[in-house]
Amino acid sequence: MEFFRLSAGRWQSQRTTHHLAFRRSELGESDIVVEALAAADPAVAELCTYHGVDPALAAGGALVSWHGRMDWDRQDEEQHKGSTVMVIVPDSPDGRRGRLLRERGYAEVAPVAGQYAMDAEDGLNLITEYETMSVVERFWFAAPDLRLRTSTLKRFGGFSTATFCAEKRVAAAAAAVEPQARTAVKTERSYSLWGW
């Protein structure tokens, strides 16, 4: 949860995605807002219930929303925006590893459960298996207001994309948002491959 708390606020993200099959790279940028959620937050309990997990086991989570663009977007066709709730369910005494529940996945727009682990450098590592692909992500802080992120997406038959993001905090966490205000953001759905 400390990683989510440190991530709270508004971020500007610069992204480079390497499309390995095409041997080409694509640049993009996003505005990202992260809000840490307490274990008692109704959104945490709702997502736990959906995944068949006892809400009492959750340590908390985060509400993440984003809006961005990629170089190869066609005008009015690509919508790189959306939001998701993430919940961590520790399975180690120190809370540094366990399950990560998502309202929507990184590579597929559907609820998904994966694994998280904090490494020796306090980087957050996420591993998510989908029906047709797997994704490995790592987030870490180079400085309090500079977060870095890598991800690799592997489809059956080999790696498909590798992504690097540099994210700069542009605003600290806002005051607590009422759950009713969150609902409008939470229910928005998009069909972008690249979420937070």
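Structure values in brief
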quantity: Subset of region 13-50 (residues that are under 12 Å from Arg69 (Cα atoms) and either open to solvent by 30 Å² or more (accessible area, probe 1.4 Å) or not in a strand (DSSP E or B) (or both)); calculated: Gln14, Thr16, Leu27, Glu29, Asp31
quantity: Meets criteria (at pLDDT below 95 and among the small types (Gly, Ala, Ser)) for Gly68; calculated: yes
quantity: Boolean, Val53 is open to solvent by less than 40 Å² (accessible area, probe 1.4 Å), closer than 17 Å to Arg149 by Cα and either out of contact with any Cys (no Cβ under 8 Å at 6 or more places or on another chain) or among the small types (Gly, Ala, Ser) (or both); calculated: no
quantity: Qualifying residues in region 71-124 (those that are among the polar types (S, T, N, Q) and open to solvent by 10 Å² or more (accessible area, probe 1.4 Å)) - the one modelled with the highest pLDDT; calculated: Gln115
quantity: Top-ranked residue in region 144-196 [being closer than 16 Å to Ser65 by Cα and of a type in the set (Val, Ile, Thr); ranked as modelled with the highest pLDDT]; calculated: Val170
quantity: So Val53, is it at pLDDT 95 or above and in contact with a helix residue (DSSP H, G or I) (Cβ under 7 Å, 6 or more places away or on another chain); calculated: no
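The values are calculated or read from the model by the stated rules, or taken from the named source; none is laboratory data. Everything numeric here is computed off the predicted structure, so don't read it as measured data. As a convention, Cβ positions derive from the backbone with ideal geometry for all residues, glycine included, and neighbour counts pool all protein chains shown. For accessibility, only protein heavy atoms count, side chains too; no ligands or nucleic acids. Shrake-Rupley method; radii C 1.70, N 1.55, O 1.52, S 1.80 Å.
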